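Below: one structure, written as structure tokens.
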Amino acid sequence: MSSDNRYSVANLVRDYLSFFESRGHTVVPSAPLLPEDPTLLFTAAGMVPFKAYYSNPEAAPYRRAASVQKCLRAGGKQSDLENVGRTLRHHTFFEMLGNFSFGDYFKKEAIEWGWELSTQVWSLDRDRLWVTIFEDDDEAFDLWSKHIGFPKTRILRLGRKDNFWGPVGDTGVCGPSSELHYDTGRNGPEGGPGQDDSDRYIEYWNLVFPQFFFTKEGKYDPLPKPGIDTGMGLERMAFILQGAEDNFHTDEFLPIRRAIAAALPRDLDSKDPRAALAVNAASDHVRALTFALAEGIMPSNEGRGYVLRRLLRRALTKMHPFGVHEPFLAAGVEAVVHSMGPRYPELRPRAALVKDIITAEETRFLDTLEQGMTRLAGIFDAAKKSKVVSGVDTFMLYDTFGFPPELTREMAEERGLAVDIAAFEAAMKEQKDRARKAGKFGREHVPFAGTTQDFITKIMDVDRTEFLGYDALECDAHVAAIRNARADRVARQHEPGAFLEFTTDRTVFYPEGGGQVGDAGSAMFGDLSLFVVDTYRAGDQIAHLARVGEGGPDALMSALEEKPAGRLHVYHERRLSTMRNHTATHLLHAALRRVLGDHVAQAGSLVAPDRLRFDFHHFQGMKPDEIAEVERQVNHAVMGDLAVTATQMPYKDALKTGAMALFGEKYGDIVRVISIEEVSKELCGGTHLKRTGEIGPFFIRQETAVASGVRRVEALTGANAHEIVRRSLDDWNGVAALLRVPPAEVEARIRALLDENEALLHERKKEEARRAESEASDALADATDIRGLRFVAAKVQLADVNALRGYGDALRGKLGLGVALVCQASGDKAMCLLVASDSAIKERGIRADELAKQVGAALGYRGGGKPHMAQFGIPDVGEFNRVRDFIRQTLEAQ
């Protein structure tokens, strides 16, 4: 690598941004890897933060922009993951230099500046440059050949796959592109880029010309104000200008690579071609993991978290064949922070947490990786004939050993094998179906008896039920429709015909959603009372599941004929208890983030009247002091009696205020923001208290694991919290009474009893050892001599198997050249122990485990052990003589 600091990564960034800033561009900082666009997994290109401005340039706060954007392409359509570790130029995480125009300049300026920066600022060898354009883009061809004077022989026209961008969806902004390539002179075909995937011609800059809108009718309508979107790979530019071996040997990347290569065994050179590619892949992946985790994206089994877990496991499986069997990526994290921290200072405060998360994930996967790789080798061998790895095997590798199917497919392809992904997905679906049916909280459902009609009757047209329950617990309402109770809402233990479902034009009943359970209460229609047991959404309407008693739906119809309107009433105490738990959930979420870190993000919740349950992303179990601190902070907020406010605002405005939105949740244009002063601000449609003081005591019952990387806290509030604390104190006082000490001395008394018990056990073991020594000497007196080999057979009365083994050890130490059979005569089932002395093993080749196998084969007992000691059970002590005689005969025959 060139020692010239002129082309260091830091200087290249400075050169690029200052070049475009001097040409009227606003320098915009990098957006997060976590995009605002919910359709994208990650920010995968420099234009992502500006996407909306191409179809609506007037909305842009500037007409020209330049940036260095963090990008991650490791999942979804834009993924380079499979290429990392195969080529010398692809990455999952990379930095994209970009200049952008929103209805301002167009092709001429973009091409001029691309040429000027490449050849005049960075002095690239013009004879090594190649240009590609879209096959129909004569304008770009003329600009390059006539305006710039670039040789026509090195301007290649390529098709849509190579030189046309977009649209991102079925319709949208799109346009041709022009790419700049550098000829490295490495092995590869002559004649320029676009012929193969070799590392000879490196594309370093893509100039995209968004000039059309692709319509539903399949037409390319010209944009009134076309724009410019360019992207340059910073790593590739550094590789070219620094004269480095490849992207992984540039000034900013090489320290990361060295840290990863240090994990290889000393006798393995990291320049070995196969090992080098593995080190490259792991170096890339640890950089991607560091940046993603620093933003709070956590490993999991779905979505973005699944991509991170796949990256980590791919790094481990790449390095494993080269003798790397221990966690090693934390050193890479430290190198990433040291190398890139000066440009991204936000990495340093999160470094320790990132290392802890990565090491925990590594440890978890390495526990099964060895077995998985062994199993994988066998599967690949078995698939050589058919050339296809079965979906069942692929699922087993995923389910048992944690191998993502994409990883199995990648390793299979390296061996010329395919993977039956369709069969894998079928096996995955079958497992999910089984899990749902056998779920701990699942219910068996039965269809509604008597009719298959959805509507029993439709009374009035209602497009949407108006929800009044934020401000009231009672209201008048008109029934819109009466339906059969749906099978998924009626449990088997109830009589299905005793329930019906009705919708209304308005309601105060909160429908199940956002983790909060549906309300319960009553409905009065004339003289008919209905007991509402559950509430849930039915499209845009709110459905009430009600127990109807005698008369069924007909009784309700009769009541409605007399009085079409009814009175709905939500159970106040039940709703209040639910609100306590929901507001406490927001406090809990905030406290967890303060105590454990900003990476904590909600992964699920349950808000019920009697309890709350909160699932969150975190890499390890909480320590007792962390649980205590979270509980303390929540109770502190409760005692502060803080105001809880609800505000409606546009979704984008809510995010600008710092309100937290849950990934995966669907939000409308207008959202509800729940704010707890100075503590929490979240998007939430649930019902809440007016002040935190109404929550009452808050008590965490337990913290447990739900899945890899996901923890669960279960907690109680109000009367339920008070009750469990009361019961705990009663139990503690009860224990104190049994121990005959004051409550404050319970712990000290229990510790004293444990110490006393341990001392008694220690003394008992010493006594058993003395007794074993004595009885072993007595047993030796009755030993039988078999051609110089002592054979001892004895029945003993001992407390347990451990005492039996102690006796065997004592006997073995006195045997000399000998074998002993000892039978534990107490208990329902007798246990036999075989011991062989060291001299018997070495001089006669007699092994206790082999003798036990012979006994098992001949007499039908099962057992095993080690050469010096083995054990097996027999039905009763009466069988002892039979075993003794068989062993004696076996020894005599040897």
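The values are calculated or read from the model by the stated rules, or taken from the named source; none is laboratory data. Values in this document were obtained by computation on a predicted structure and should not be read as measured data. Ideal geometry is used to build each Cβ from the backbone, glycine not excepted, and the neighbour counts take in all protein chains shown. Heads up: the accessible areas ignore ligands, DNA and RNA and are worked out on the full protein's heavy atoms, side chains in. Shrake-Rupley method; radii C 1.70, N 1.55, O 1.52, S 1.80 Å.
Between A857 and N802, what's the calculated FRET efficiency when r is the beta-carbon distance and R0 is 25 Å? Round to 0.05.
On the way: r = 28 Å, r/R0 = 1.11.
In this case the efficiency is close to 0.35.
Give the cross-link partners of K51 among the lysines, using a straight C-alpha distance below 22 Å as the criterion and excluding same-chain residues fewer than 8 apart.
The reachable lysines, counting only those whose Cα sits under 22 Å from K51, are K70, K77, K107, K108, K161, K216, K219, K225, K652, K656, K666.
If you place +1 on the Cβ of every Lys and Arg, -1 on the Cβ of every Asp and Glu, and leave all else neutral, what size is the dipole of segment 742-804 about its Cα centre, to the nearest 20 Debye?
Working: 10 positive and 14 negative charges, 58 e Å.
Dipole about the Cα centre, nearest 20: 280 debye.
Which lysines have a Cα less than 21 Å from the Cα of K458, not counting those fewer than 8 places away in the same chain?
K563
Using the heavy atoms of the protein chains alone and a 1.4 angstrom probe, what is the accessible area of the chain per residue in square angstrom?
Values: 42100 Å² over 894 residues.
Here the per-residue accessible area is 47 Å².
At 1.4 Å probe size, with the rest of the protein present, what percent of the exposed accessible area of segment 2-69 is carbon and sulfur atoms?
Working: 1720 of 3160 Å².
In segment 2-69, the share of accessible area belonging to carbon and sulfur is 54 percent.
If you stretched the chain out fully between E767 and A262, how much longer would it get, using 0.36 nm times the residue separation minus the C-alpha to C-alpha distance? All intermediate terms of the calculation are to be shown ahead of the outcome.
Details: separation 505, 0.36 × 505 = 181.80 nm, distance 5.35 nm.
Here the segment from E767 to A262 would lengthen by 176.4 nm.
Which residues in segment 352-374 place their backbone N less than 19 Å from a point set 7 Å from the Cα of H320 along the Cα-to-Cβ direction?
Hits in segment 352-374 for H320 at 19 Å: 358-374.
In whole percent, and with a 1.4 Å probe on the protein chains, what portion of the accessible area of segment 282-350 is carbon and sulfur? Working shown, then result.
Working: 1130 of 2040 Å².
Answer for segment 282-350: carbon and sulfur cover 56 percent of the accessible area.
Cα centroid distance between segment 553-594 and segment 721-751, in Å?
38
Which of (1) 37; (2) 12; (3) 29 is the computed percent of Cα pairs over 54 Å apart for the structure on display?
Computed from the coordinates, percent of Cα pairs over 54 Å apart corresponds to (1).
Would you work out if segment 112-242 is rounded, prolate or oblate? Take a ≥ b ≥ c from the square roots of the eigenvalues of the alpha-carbon gyration tensor; rounded if a/c is under 1.5, else prolate when a/b is larger than b/c, oblate otherwise.
Numbers: a/c = 1.88, a/b = 1.70, b/c = 1.10.
Note, shape of segment 112-242 comes out prolate.
Quick one: length gained pulling R6 to E413 fully straight, 0.36 nm per residue minus the C-alpha distance?
Details: separation 407, 0.36 × 407 = 146.52 nm, distance 4.17 nm.
142.4 nm is the gain from fully extending R6 to E413.
Of the trypsin sites (Lys or Arg not before Pro) in segment 718-772, which ones lie in a loop per DSSP and count no more than 10 other C-beta atoms within 10 Å? Please list the in-between numbers first.
Working: sites: R726, R727, R740, R749, R751, R764, K765, K766, R770, R771; in loops: R740.
When the trypsin sites (Lys or Arg not before Pro) of segment 718-772 are filtered for loop state and at most 10 Cβ neighbours within 10 Å, R740 remain.
Loop only by DSSP, 12 or fewer other Cβ within 10 Å of the Cβ. Give me the GluC sites (Glu not before Pro) in segment 666-706 that pass, ordered by residue number.
E678
Tell me which trypsin sites (Lys or Arg not before Pro) from segment 256-347 have a DSSP coil assignment and no more than 12 other beta carbons within 10 Å of their own.
Sites meeting the loop and neighbour criteria: R266, K271.
Which Cα, out of N881, Y182, T408, lies furthest along the positive dipole direction of the chain (beta carbon charges, K/R +1, D/E -1)?
Sorting the options by dipole projection puts first N881.
Quick one: length gained pulling D356 to K387 fully straight, 0.36 nm per residue minus the C-alpha distance?
Details: separation 31, 0.36 × 31 = 11.16 nm, distance 4.03 nm.
This chain segment gains 7.1 nm when fully extended.
Based on alpha-carbon centroids, what's the gap between segment 388-420 and segment 824-886 in Å, whole number please?
So the two Cα centres are separated by 44 Å.
Can you tell me the FRET efficiency between T890 and E678 if r is taken as the Cβ-Cβ distance and R0 is 60 Å, rounded to the nearest 0.05?
Details: r = 81 Å, r/R0 = 1.36.
Result of the calculation: an efficiency of 0.15.
In nm, to one decimal, how far is the E843 label point from the E714 one, both placed 7 Å along Cα→Cβ?
That separation, rounded to one decimal, is 6.3 nm.
Using +1 at the C-beta of Lys and Arg and -1 at the C-beta of Asp and Glu, which of W732, H25, L568 has the Cα lying farthest in the positive direction of the dipole of the chain?
Going by the charge dipole, the pick is W732.
Ignoring ligands, DNA and RNA, what percent of the accessible area of segment 786-894 is carbon or sulfur (1.4 Å)? Could you put the intermediate results ahead of the total?
Working: 2240 of 5050 Å².
Carbon with sulfur: 44 percent of the solvent-accessible area.
Go ahead and run the numbers for FRET between K866 and A737, Cβ-Cβ distance against an R0 of 56 Å, rounding to 0.05.
Numbers: r = 50 Å, r/R0 = 0.89.
Given R0 = 56 Å and the Cβ-Cβ separation, E is 0.65.
Compute, for the chain, the length of the dipole vector about the Cα centre, with Cβ point charges of +1 (Lys, Arg) and -1 (Asp, Glu) only. Units Debye, rounded to 20.
On the way: 113 positive and 129 negative charges, 339 e Å.
Computed about the Cα centre, the dipole is about 1620 debye.
Using +1 at the Cβ of each Lys and Arg and -1 at the Cβ of each Asp and Glu in the chain, identify which of L277, G685, Q371 lies farthest towards the dipole's positive end.
Q371
Ignoring everything except DSSP H segments at least 4 long, calculate the 222 nm mean residue ellipticity for the chain; use -39,500 (n - 2.57) per segment, divide by total residues, nearest 500. If you can, show how the numbers build up before the last one.
Numbers: 24 runs with 343 residues, N = 894.
When only DSSP H runs of four or more count, the value is -12500 deg cm²/dmol.
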